[in-house]
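First comes the structure, then the notes that go with it.
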Amino acid sequence: MRIISVPVDIVLYMIDLFASAEESAAFTMATIRNHPVRIPLLMGMVAIFPLINGYTARIYRGGSIPPDLSKPLELLIDGIRLMIVSFIYALPFIGAIIIVGSQSDLLMDLITRAESGLLFSEVGAVFFLIVGIILLYAVVILFSIIGVIRTARSGKIRDGFAFGAILAHIRRIGGVSYLSAVIFYTAIAFLVSLPAGYMMELSLLGYIPAFFMYALVTIFAARYFTLVFESGLPGSSDQ
């Protein structure tokens, strides 16, 4: 009987992912457990999203102790800075969506008239276009996460677009490890967003638990990707 062996690297990746997730969950709980008054404040900051972005900037700067909510003006400025970086990263993807959306009638016409089963027919062209947009989105996400954290730590927008330094940092983390971490978090965020979105659709009161869940996910994500980022810092034990 043949025994199927699992590569050691895959096992180690999974252990790292769960360990980082566990630490991030503990960090998130400590943020509100030790300071219950933060709960309504964080929920309000979700509505005024530059503020919640500013709080994530403080988390991105590192440290195992959750940062406080003092100096709201600084939170606002940091949040706007991160929003600018995120928006610039999103521009190529937004542009691609606008172009595809503006040609939606033409694309549907091509699909309905194309001969089925031909890889290089009009349907094939549309398929490759969609795949291209998905790949573009993936590249933007992978670079933007590191770029945003770099900006949060330095306070300089230009550091968020130092692509050579970002790519070198991703290499130090490990391409497979980094991609696995992003996919792992995306799955968690998707599972949480479903009930949160459903509660918001039910009634206005549903926004209260939904905003609470979004606040927790935002803090979790900030700490989670901080750990991922720090694993690629020079001298990290994870290298």
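The values are calculated or read from the model by the stated rules, or taken from the named source; none is laboratory data. Note that this is a predicted model, so its numbers are computed, not measured. Neighbour counts are summed over all protein chains in view; Cβ atoms, including those assigned to glycine, are modelled from backbone coordinates with ideal geometry.
Brief remarks follow.
- From the options LEU75, LEU142, LEU106, LEU119, residue that is at pLDDT below 75 and in contact with a Phe, Trp or Tyr (Cβ under 9 Å, 6 or more places away or on another chain): LEU119
- Flag for PHE190 being aromatic (Phe, Trp, Tyr), surrounded by 13 or more Cβ atoms within 10 Å (Cβ to Cβ) and assigned to a helix (DSSP H, G or I): no
- Residues of region 18-40 that turn out to be surrounded by fewer than 18 Cβ atoms within 10 Å (Cβ to Cβ) and aromatic (Phe, Trp, Tyr), as a count: 1
- Members of region 217-230 that are touching a residue at least 40 places away in the same chain (Cβ under 8 Å), of a type in the set (A, V, I, L, M) and surrounded by fewer than 21 Cβ atoms within 10 Å (Cβ to Cβ): ALA221, LEU227
- Failed condition for PRO234, given (1) under 18 Å from TYR60 (Cα atoms); (2) in a helix (DSSP H, G or I): (2)
- All positions within region 69-92 that are touching a residue at least 12 places away in the same chain (Cβ under 8 Å) and not hydrophobic (A, V, I, L, M, F, W, C): PRO72, GLU74, ASP78, GLY79, ARG81, SER86, TYR89, PRO92
- Matching residues in region 168-184 - criterion: being of a type outside the set (Gly, Ala, Ser) and either surrounded by 14 or more Cβ atoms within 10 Å (Cβ to Cβ) or closer than 17 Å to ALA19 by Cβ (or both): HIS169, ILE170, ARG172, ILE173, VAL176, TYR178, LEU179, VAL182, ILE183, PHE184
- If the condition is being closer than 17 Å to ARG223 by Cα, over 19 Å from the mean Cα position of the chain (by Cα) and either assigned to a helix (DSSP H, G or I) or touching a residue at least 12 places away in the same chain (Cβ under 8 Å) (or both), then region 43-64 contributes only SER64.
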